[in-house]
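First up is the structure itself, then whatever we jot down about it.
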Amino acid sequence: NFIYKIGKTDTPRCDFCNIYLEKVEHLFFLCTHVKQIWLEVERLSREVLALDVKLRMDEVLLGYELHDKSDMNILLNKLILYGKHYIWKTKLSNLTLSVTGFYKYLEGHVRYDKILTIICAQIPNIE
């Protein structure tokens, strides 16, 4: 809706479903096209991270159990951030959301994470 108000789109409707107003809640959680991404994140959470998760809107928008600093929980929150970024980039590119597209997006970010690991290894410890 904000993007429509500032003239960056021709319609206030969701670019993915073209039915509902594109508010933050709809774009990142409620849209039926977006649900497939969160169902896949839930499946990955169960099968890879051993976390039985049923994501709620507030957890997707704000983060999942941020008080829990376990590695698996941090990885889940990173997956959620990647999911939101994939949704946003797909919207801006006028592309179609898909689980396959999400996996391709994740593959690209694995490369970036490796590069960041190399960069961080070169940073001297500050004590």
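The values are calculated or read from the model by the stated rules, or taken from the named source; none is laboratory data. All values reported here derive from a predicted model rather than from experimental measurement. Cβ atoms come from the backbone with ideal geometry, glycine included; neighbour counts cover every protein chain shown. SASA here: full protein model, heavy atoms, side chains in, ligands and nucleic acids out. Shrake-Rupley method; radii C 1.70, N 1.55, O 1.52, S 1.80 Å.
If I ask for residues that are open to solvent by 30 Å² or more (accessible area, probe 1.4 Å), in contact (Cβ under 8 Å) with a residue 24 or more places away in the chain and in a helix (DSSP H, G or I), which ones from region 29-58 would you list?
Once the filter is applied, which keeps residues that are open to solvent by 30 Å² or more (accessible area, probe 1.4 Å), in contact (Cβ under 8 Å) with a residue 24 or more places away in the chain and in a helix (DSSP H, G or I), region 29-58 yields L30, H33, Q36, M57.
Of all the residues that make up region 89-114, how many are touching a residue at least 60 places away in the same chain (Cβ under 8 Å), part of a helix (DSSP H, G or I) and open to solvent by 20 Å² or more (accessible area, probe 1.4 Å)?
Total satisfying the criteria: 1.
With the requirement that a residue be open to solvent by 50 Å² or more (accessible area, probe 1.4 Å) and either of a type in the set (A, V, I, L, M, F, W, C) or under 19 Å from V110 (Cα atoms) (or both), what does region 64-88 give you?
Hits for region 64-88 are L66, D71, M72, I74, L75, K78, L81, H85, W88.
Considering each residue of region 4-24, count those that are surrounded by 15 or more Cβ atoms within 10 Å (Cβ to Cβ) and not in a loop (DSSP other than H, G, I, E, B), and give that number.
1
Answer yes or no as to whether L79 is over 17 Å from C31 (Cβ atoms) and under 13 Å from the mean Cα position of the chain (by Cα).
Yes.
Using the structure shown, decide if L61 is hydrophobic (A, V, I, L, M, F, W, C), open to solvent by 20 Å² or more (accessible area, probe 1.4 Å) and not in a loop (DSSP other than H, G, I, E, B).
Considered against the rule, which asks whether it is hydrophobic (A, V, I, L, M, F, W, C), open to solvent by 20 Å² or more (accessible area, probe 1.4 Å) and not in a loop (DSSP other than H, G, I, E, B), L61 comes out as yes.
Name the single residue, out of those in region 115-125 being of a type outside the set (V, I, T) and in a loop (DSSP other than H, G, I, E, B), that is nearest to L44 (Cα to Cα).
Looking at the filtered set, the residue picked out is Q122.
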